[in-house]
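Data first, discussion second: the structure below is written as structure tokens.
The values are calculated or read from the model by the stated rules, or taken from the named source; none is laboratory data. It should be emphasised that the depicted structure is a prediction, and the values quoted were computed from it without experimental measurement. Cβ placement follows ideal geometry from the backbone for every residue including glycine, while neighbour counts extend to all protein chains displayed.
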Amino acid sequence: MTETAWIYIFLYCGAIGLILLGIFAMVMYRNLIRIIFGLMLLEAGVNLFLITVGFRPNAVAPILVDGQMPALAMVDPIPQALVLTAIVIGVGVQALALALIVKTYQAYGTLDTKKLARQIAEESGTRVIDGIPISLPVPVPSNYQIEEKKSK
Amino acid sequence: MNGILLVAIPLLGAFLLPIVYRRHNQIGIWSTPAILILNLCIALLLWYRVTTEGPQSIAMGGFPAPLGIIFYVDKLALLFAIAVILGTLILWFGNEKGRIKEETLILLIVGGSCGLALSGDLFNIYVFYEIVAVASYGLAASRGTGAGYAASIRFLILSALGSSLLLFGIALIYAVTGTLNLAHLAYLAPQMLNSSIGLVAFALMLIGLGVKAELFPVNTWVPEVYTTAPVRVSALLGGIISKLALLIVVRLLVLMYADTNAHLLLLSLGILGVLTGELAALRATELRQVLAYSSIGQLGLVAIAFAIPGPAGIIAGVAIALHHILVKPALFMLAEAWGGQHLSRLAGVAKVSLLSSILFLVLALSLIGIPPLPGFWAKFLLLKGALEVTANVGWYQMAITVVLVATVIETAYFLRIARLMFQASQPQQPINIPHKRELLPAFSLVALLMLSVLTVGPISRSLTAVATDAADRKAYINNTLPTEWQVLKKVEVSPRI
């Protein structure tokens, strides 16, 4: 194993680890703020993965000085441009998420997703039993009832 | 006249709209439809150009294909762009006038979806997808109620998870091939993406795009958002925008995964979506929820159709998608007055408002697939395409069975509602007649539907042309990629994956 191989293993393991940690946090936690933290971890993991894809050992930044190519290898600039865009989008979405969380807290006084789901379901006329929303049966006017009304 | 204008004009309009409103209210109110009509004219002109001269690729900033970002204008992309613009325009007439924030977001969505349809670059697709997604979070919360905010944040969490997975999939593809251009990827795919890493990347992108496309495991936001958002927003998101995500999936399938088993993944998600959506709709007790679940089922049908390899699948998928684009927004517009409470409230609606009940019945019958209506032809094309498949016959036979069973379930819940409407002698509870403002879009969509009944022949011929164009991978590569890039270079020896 050369030294550079270890750098790659380290970076890729870090990226995959962050992604898994983020998904785990988003799935397991019920608090909205913690879920947003999970989202941040996930985005950081994906960004680290992209940067690692463009990484070259012992390379320099891809900048031409005086129109001359540098003697050393250059890192791949495309993933860096992509990550810059992805970070900006990520920050925007996180800010929007926090704003929506504030509004939700003002309306319901809780950040627990289960309690929120139950309250929303009850507002829209669905019963919630053991955390599972269950719809009420649909009544259909039977022919018998209708004929009875007509005769009246 | 350029395809970029389709994206640039609505984006510019979205940014200028609040300023215009501040200066002059009346001009502000009419600038949204003006922008949409202008966009529609450009799209129709482009359609004419594409029919006469063939598909075009536009290089951004003059950099040619694999290095620069390109827009690929072909009939399939233009068809969906026209559907989005026309649908938004029709829905605008059902809007209360002067809602600045909503109109700004709607223009953003139109610009983003036109870009999504036309883009020929994977990362560009991700950016446009995020533009559409962020605008739809805002629209989902635009009623301003607590339930709207809560539904919107839950939608945002799921959608952001999906977008991250989409970006991860794109990163994997870049790691394997070193390019993001769809044409270059199509050229390299048979050598480089025909592996387990390629399939993993496809699965990640499918889940990511599936959030918008209401695919099976990631569609829990659908009933919540559609019952809490204003109906025209539900109509826009569920009826129109959701198809764009599936358009991207079919582009990826045709260009990059034509020779692999990736379409079976889409097929199984579609089958599960149809089954779960229709069964949930059977148990739902509110009209808007019924429509939301049925929309999941219909998008499952589109997914099944797109999973059929070759032009037959694209014809069927586009037919079902276009039919749903007409029918579902119209049904949602009718639900504005009738939704919000238990279905039993609808008993005897026909006595109060005969016209809207008949509209509902026609739309429901078309969605089920009763012969003279276009819904029948769409489902017929799907079954015909699935029967002609030669490889993996068992999977497609299962899909056919599921589609037929789902049709029966659909019939059960729609006719149950229709029976409630027409059978009760008089309404037991007071019921609102749909407002004229909401009936107008519903009526014009039904008129379009009826028009398509009369012109089934020409429509099917042009759909066939669209599908053969779209399924032609060689043409896409030749139209976009300069010939010097069509020589397979020696794979770089670099410590990538």
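Screening B:Gly120 against (1) closer than 20 Å to B:Leu38 by Cβ; (2) touching a residue at least 40 places away in the same chain (Cβ under 8 Å); (3) crowded, with 22+ Cβ neighbours inside 10 Å leaves a single unmet condition, (1).
Name the residues in region B:452-467 that are in contact with a Leu (Cβ under 8 Å, 6 or more places away or on another chain) and more than 14 Å from B:Phe376 (Cα to Cα), would you? Answer for region B:452-467, where residues must be in contact with a Leu (Cβ under 8 Å, 6 or more places away or on another chain) and more than 14 Å from B:Phe376 (Cα to Cα): B:Val466, B:Ala467. Checking each residue in region A:105-120 for being touching a Phe, Trp or Tyr at 6+ places or on another chain (Cβ under 7 Å) and either more than 8 Å from chain B (Cβ to nearest Cβ) or within 20 Å of A:Met40 (Cα to Cα) (or both) picks out only A:Leu111.
Is there a residue being charged (D, E, K, R) and within 28 Å of B:Tyr413 (Cα to Cα) anywhere in region B:270-284? Let's see the steps before the verdict.
First, the residues of region B:270-284 that are charged (D, E, K, R): B:278, B:283.
In the following step, the residues that additionally are within 28 Å of B:Tyr413 (Cα to Cα) were identified as B:278, B:283.
Yes, region B:270-284 contains a residue that is charged (D, E, K, R) and within 28 Å of B:Tyr413 (Cα to Cα).
For region B:170-181, a residue qualifies if it is in contact (Cβ under 8 Å) with a residue 12 or more places away in the chain and touching a Phe, Trp or Tyr at 6+ places or on another chain (Cβ under 7 Å), and the qualifying residues are B:Ile170, B:Leu180. For region A:92-144: of the residues being in contact with a strand residue (DSSP E or B) (Cβ under 6 Å, 6 or more places away or on another chain) and among the basic types (Lys, Arg), which is modelled with the lowest pLDDT? Across region A:92-144, the extreme among qualifying residues is A:Arg127.
So that you can scan it fast, the table gives a plain yes or no per residue for (1) at negative phi; (2) surrounded by 24 or more Cβ atoms within 10 Å (Cβ to Cβ); (3) out of contact with any Leu (no Cβ under 9 Å at 6 or more places or on another chain); (4) of a type in the set (Val, Ile, Thr):
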| residue | (1), (2), (3), (4) |
| --- | --- |
| B:Met60 | yes, no, yes, no |
| B:Val84 | yes, yes, no, yes |
| B:Val110 | yes, yes, no, yes |
| B:Asn124 | yes, no, no, no |
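Taking (1) under 25 Å from B:Thr455 (Cβ atoms); (2) charged (D, E, K, R); (3) over 25 Å from the mean Cα position of the chain (by Cα) in turn, B:Arg416 satisfies each apart from (1).
Could you say which residue among A:Met26, A:Met74 is touching a strand residue (DSSP E or B) at 6+ places or on another chain (Cβ under 7 Å), without any contact (Cβ under 8 Å) to a residue 40 or more places away in the chain, surrounded by 11 or more Cβ atoms within 10 Å (Cβ to Cβ) and farther than 20 Å from B:Ala201 by Cβ?
Values: A:Met26 fails: touching a strand residue (DSSP E or B) at 6+ places or on another chain (Cβ under 7 Å).
Just one listed residue meets the conditions, A:Met74.
Output yes when any residue across region B:215-236 is modelled with pLDDT of 90 or more, in contact with a Pro (Cβ under 9 Å, 6 or more places away or on another chain) and in a helix (DSSP H, G or I), and no when none is. Within region B:215-236 (the criterion being modelled with pLDDT of 90 or more, in contact with a Pro (Cβ under 9 Å, 6 or more places away or on another chain) and in a helix (DSSP H, G or I)), the answer is no, since none of the residues qualifies.
Just one of the numbered conditions (1) surrounded by fewer than 22 Cβ atoms within 10 Å (Cβ to Cβ); (2) in contact (Cβ under 8 Å) with a residue 12 or more places away in the chain; (3) within 8 Å of another protein chain (Cβ to nearest Cβ) is not true of B:Ser152: (1). The set of residues from region B:463-480 being without any contact (Cβ under 8 Å) to a residue 12 or more places away in the chain and closer than 18 Å to B:Ala316 by Cβ comprises just one member, B:Asp472. No other residue among B:Leu91, B:Leu76, B:Leu107 is more than 14 Å from chain A (Cβ to nearest Cβ), in contact (Cβ under 8 Å) with a residue 60 or more places away in the chain and more than 28 Å from B:Ala229 (Cα to Cα) apart from B:Leu76.
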